[in-house]
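Okay, structure first, notes after.
Bear in mind these aren't lab numbers, they're just calculated from the coordinates by the rules spelled out. This is a predicted model, so every value here is computed, not measured. With ideal geometry, Cβ positions are generated from the backbone for all residues, glycine too; neighbour counts draw on all protein chains shown.
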Amino acid sequence: MEVSIVIPAFNEEGNVRELHTEVKDVCLAQGYTYEIIIVDDGSSDRTAEIASTLQPIKLIKLRKNFGQTAAMDAGIKAAQYDVIVTMDGDRQNDPNDIPNLINYLIKEDYDVVSGWRKDRKDPFLKKFVSRGANLLRKILINDGIHDSGCSLKAYRKECFKHITLYGEMHRFIPALLKIKGYRVGELTVNHRPRTAGVTKYNWRRTMKGFIDMISVWFWNKFASRPLHLLGGLGGLLIILSIPAAIITVFNFLRGMGMSESAWPLLTMFLFLGGIQMFISGMLADIILKSYFETTRDSSYDVKEVIDNS
């Protein structure tokens, strides 16, 4: 088994050496051909300095703190083996779960297996916010994952041939892959309390995650047909403008001045807003077609081709 372990780290000087040792011991015990990729996300402490002394190591140093998603994307792009395992740099993910994830990935023929921190060792507020976000994600996306925020995941490298991560999208990778038709599984993993350093989660990351969740929802529902959404809303507004226009004309015939009622303004708002939404839908449709024609991405993904000719 050839495995790439990708670990984003930001100000984890108290964890990086111990985590590297744990991961290395697990890989050696399993007989893996492996590489450990640590991505220093612009740390202001000695994380990069300590990581640079470790062996074996592939250390990627970002110029500044770009965020966990960017660091994970950089590590994944640098991975050379066909199985990629991602995990946090705070030692709360247990490296002993790595073989379980990989074995489950191979045995069940999944493309990605996501860890489920069923018994989380986090403060109450963090768990409360996470459960609320998971409930909202289930309503909007329904990717079948209980704990998308768990960074401990195993992937086949082919999953990332058309995916570039940004924002807080790392937590929605299973959803993005499921949209493409990849098989997504989940496995309960151990979660350990933090013993060094401080959590990097705050309200700003929560808001970014929510916005990215909306983006994934839109991509899932209307990525290949944005005109269906925007054009449909535009058509609805235009239809609603018709009774408003009738009421406006009726009031005018009764002698009511245009400035004495809000109906003329509402009529124009609904009609012009509908036209604008419809045009926006057509432009989005054109942009999307241009995107698929000028990038390596597509609205579908081929698993394999069998030619018996």
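Just a few scattered comments:
- Taking other Cβ atoms within 10 Å as a rough exposure proxy, 189, 198 sort from fewest to most as 198, 189.
- Put simply, when 267-280, 54-67 are sorted by average Cβ atoms within 10 angstrom per residue, most first, you get 267-280, 54-67.
- Report note on the peptides 6-14, 81-89, 113-121: ranked by the mean count of other C-beta atoms within 10 Å, highest first, their order is 6-14, 81-89, 113-121.
- Computed FRET value (nearest 0.05) for residue 262 with residue 54, which takes r as the C-beta separation and R₀ as 41 Å: 0.05
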